[in-house]
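Input: a single structure, listed below in structure tokens.
Readers should treat all values here as calculations from the given coordinates under stated rules, not as data from a laboratory. It should be emphasised that the depicted structure is a prediction, and the values quoted were computed from it without experimental measurement. Here the Cβ positions follow ideal geometry from the backbone for every residue, glycine too, while neighbour counts run over all protein chains shown.
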Amino acid sequence: MSETLSNVFDAGAARRRCLTYRRRILDISQQVGALHIAPAFSCTEIVDVVYNGLMRWDGEDTPDVILMSKGHGCMIQYVILEEKGILLREDLDLYCKPGGRLGAHPDYGVPGISASTGSLGHGMGLATGMAYGERLQDRDGQIYLVLSDGECQEGSTWEGAMMAGNLALENLIAFVDLNDFSGLERMSEGHPAFHPVIDKFLSFGWEGVEVNGHSADEIHEAVMNREGGKPLVVVSKTVKGKGVSYMEHVPIWHYRAPSPEEYKQACDELVEISA
Ligand SMILES: Cc1ncc(C[n+]2csc(CCOP(=O)(O)OP(=O)(O)O)c2C)c(N)n1
């Protein structure tokens, strides 16, 4: 088990992985005409960095936890878990199909899934409890939490954040996927007081940093360069639907599945992507 994290992160390899993940997400969603492609494309680089740059692995085991509080973005988790051999190809073939074990939201009990999520606003409390549990048991598990900006409308997110700040849980690292959409509404229009969100975390005793959420090395560096001693929030500015021109910033792609023509166009576009 490697107990120390490396400062070296290969940005080119991350870009290639993220293209492959997006293509695989398109494919599994196409099997069933599934929704939630754009939410997964929004946090692809964040989740890639957690799995491939931060979590410590010993084969299929890790002392660390990733918790997808924005459970509807879980396709990115499924495709990475498949790549790591924790989920099987047959699992992904049955995504959202009868008899399969992978639904549109992650379920506790599926290999690699640490909590059932999808009811937004619960992740911060869960992650805070897990991080505190690690401390109480004298263990050093790191808890990585992926939050959407929309679920920061939930009071429970802030109750958990305040508790994590009170307890100075430095083993809790939260990523806010700041794509400015919550369903069909823009957060900046519907909830202007939400901004700047980093200030709210800082006032609750967190350390915070803002990054480009599609630059994997920027995300990685932000975590490596933290001061420590407090929970860390990485406010990650993202584009919902990142990588497919007709999905980017277009809220209906939270819900829609591509037609065969749209699918082909998306595949054609997913050969190169800029941060
Ligand atoms: C408590 C709760 N209320 C409503 C929903 C329905 N819902 C699913 S996704 C979503 C909003 C999506 O926006 P956001 O949470 O910001 O996620 P992202 O933009 O990253 O997809 C809503 C309201 C839910 N899952 N949970």
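A few remarks follow.
- Here the Kirkwood formula puts the hydrodynamic radius of the chain at 18.6 Å, using every distinct Cα pair.
- Nonlocal amide H pairs with Leu145, under 5 Å, H built at 1.01 Å: Leu67, Ile173, Ala174, Phe175
- Full-extension gain in nm, Ser119 to Ser259, via 0.36 nm per residue minus C-alpha separation: 47.6 nm
- The range 11-269: antiparallel DSSP beta bridges as a percent of all, rounded to 5: 10 percent
- Going by neighbour counts of Cβ atoms within 10 Å, the residues Ile113, Ile86 line up, fewest first, as Ile86, Ile113.
- Here Asp107 and Arg186 are evaluated by their C-beta separation; at R0 = 30 Å the FRET efficiency comes out at 0.50.
- Fewest-first ordering of Phe9, Phe175, Phe194 by other beta carbons within 10 Å of each residue's beta carbon gives Phe194, Phe9, Phe175.
- The per residue volume of the convex hull around the alpha-carbon atoms of the range 81-218 is 141 Å³.
- Three principal axis extents of the range 215-262 based on alpha-carbon atoms, in descending order, are 49, 18, 14 Å.
- When each of Lys84/Lys264; Lys84/Lys200; Lys97/Lys240; Lys237/Lys264 is checked by Cα-Cα distance, pairs over 32 Å: Lys84/Lys200
- The range 29-74-the range 212-265 distance, computed between alpha-carbon centres (Å): 11 Å
- Extents of the range 12-152, largest first, come to 44, 32, 29 Å (Cα atoms, principal axes, whole angstrom).
- Taking other Cβ atoms within 10 Å as a rough exposure proxy, Thr44, Thr20, Thr117 sort from fewest to most as Thr20, Thr117, Thr44.
- Every helix of 4 or more DSSP H residues in the chain counts as -39500 (n - 2.57), and over all residues that averages to -11000 deg cm²/dmol at 222 nm.
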